[in-house]
Amino acid sequence: MTSQIQKELPDTLLRLAITVPGILRVEKSPSQIDSTHALDSFKVNSLGPMLLMKHLSPLLPTKSSPPFTNTPFNDLDGQQPALPSHAIYAMMAARVGSVSDNATGGWYSYRASKAAVFQLAKTFDLYLRRRSRDRALAVAMHPGTVQTDFTKDYWAGRDMLQPGDAAARLLRVICSIPTGVDDGRGRCWDWKEEEVRP
Ligand SMILES: NC(=O)c1ccc[n+]([C@@H]2O[C@H](COP(=O)([O-])OP(=O)(O)OC[C@H]3O[C@@H](n4cnc5c(N)ncnc54)[C@H](OP(=O)(O)O)[C@@H]3O)[C@@H](O)[C@H]2O)c1
């Protein structure tokens, strides 16, 4: 995968990556856990982002790469945020992957496999701090509850964000992650710019 991209886009650095694989297999009690379904969840939700990270990381800038030019863009809300001068590597987690936020239980395989994404973002960011310094950072994200096929069993009677709105908000958030002292790297941020603690 890496060599194919490098062949098609020579001398091109990865500036913005958003990895989104995710499936939900619902278990309300331990007796409902099915090993095949649970393994699918870990494959897609944990191993998926891990392998994307493996293959995409060589494309990110290194500490000797020149900064990107700040690039304003029109987002879906008509606002004009700017892509920062560093690269952003963002992985879609989920609030329910937070251990500290877990007040209701259930969804064993989804929670456990998404908890891994918080750890991946932190660990990958520590790697980037050494390899790329302030030229690239990694974060995890929570998009809010969004009206996609993913949530269709829960659409009735619930307020949900529309996909375009959630995407525009997340993009604004990850473009404004502070770097330097007391930075926001390696953490999970939601669509309201609030941290979701692991
Ligand atoms: N919707 C929400 O309220 C919500 C809340 C919290 C977190 N999330 C997370 O946000 C992400 C995107 O969800 P969504 O709402 O946009 O749902 P979605 O439309 O169902 O998207 C799921 C994504 O996962 C990919 N995927 C599914 N099975 C895969 C497999 N076996 N191998 C590789 N990729 C696979 C899909 O790829 P294809 O399009 O190619 O099938 C798609 O890109 C997910 O990680 C989800 O856990 C969503």
What net charge is computed for the residues neighbouring S65, neighbours being all others with C-beta under 12 Å from the C-beta of S65, Lys and Arg scored +1, Asp and Glu -1? +3
Other residues with Cβ under 10 Å from the Cβ of S113 give, with Lys and Arg +1 and Asp and Glu -1, a net charge of +3
Can you tell me which aspartates and glutamates have their Cα less than 18 Å from the Cα of K152? Leave out same-chain residues fewer than eight positions away. E27, D165
Would you mind checking the pairs K43/K192; K7/K192; K122/K192 and listing those with alpha carbons more than 31 angstrom apart? K7/K192
Measuring from the longest principal axis of the C-alpha atoms of the chain, the long axis of helix 108-131 (C-alpha) lies at a number of degrees, nearest 10, equal to 10 degrees
FRET E, pair D101, T69, Förster distance 41 Å, beta-carbon r, rounded to 0.05: 0.60
Of all DSSP beta bridges with both partners in the chain, the antiparallel percent, nearest 5, is 20 percent
Classify region 3-84 as rounded, prolate or oblate from the Cα gyration tensor: take a ≥ b ≥ c as the square roots of its eigenvalues, call it rounded if a/c is under 1.5, otherwise prolate when a/b beats b/c and oblate if not. oblate
Let's test the formula: R0 of 25 Å, r as the Cβ-Cβ distance of T2 and I23. What FRET efficiency results, to the nearest 0.05? 0.50
Can you run phi through the Karplus equation (6.51, -1.76, 1.60; θ = phi - 60°) for region 18-35 and list ³J(HN,Hα) in whole Hz, with x for Gly and Pro? 10, 9, 10, x, x, 9, 10, 10, 7, 10, 8, 9, x, 5, 8, 6, 10, 5
For L16, residues with placed amide H under 5 Å, excluding near neighbours: I88
Let's see if you can work this out: charge +1 on each Lys and Arg Cβ, -1 on each Asp and Glu Cβ, no other charges. What is the dipole magnitude of region 42-198 about its Cα centre, in debye to the nearest 20? 740 debye
Dividing the mean separation of Cα pairs under 8 Å (6+ apart) by the residue count of the chain yields a relative contact order in percent of 23 percent
Residue-by-residue Karplus 3J(HN,Hα) for region 82-99, coefficients 6.51, -1.76, 1.60, Hz, glycine and proline x: 10, 5, x, 7, 9, 7, 10, 10, 10, 10, 6, 9, 5, 4, 5, x, 7, 6
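From the square roots a ≥ b ≥ c of the eigenvalues of the alpha-carbon gyration tensor of region 47-87, which class results: rounded (a/c under 1.5), prolate (a/b over b/c), or oblate? Let's see the in-between values first.
Values: a/c = 5.24, a/b = 1.45, b/c = 3.62.
Oblate, because a/c is 1.5 or more while a/b does not exceed b/c.
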Apply the Karplus parameterisation 6.51 cos²θ - 1.76 cosθ + 1.60, with θ equal to phi minus 60°, to every residue of region 170-175 and state each ³J(HN,Hα) to the nearest whole Hz, in sequence, with x for glycine and proline. 5, 4, 4, 5, 6, 6
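Every read-out reported here was derived from the displayed coordinates using simple, explicitly stated rules and does not represent laboratory data. Worth saying up front: this structure is predicted, and the values here are computed from it rather than measured. Counting neighbours? That spans all protein chains shown, and the Cβs are built from the backbone with ideal geometry, glycine included.
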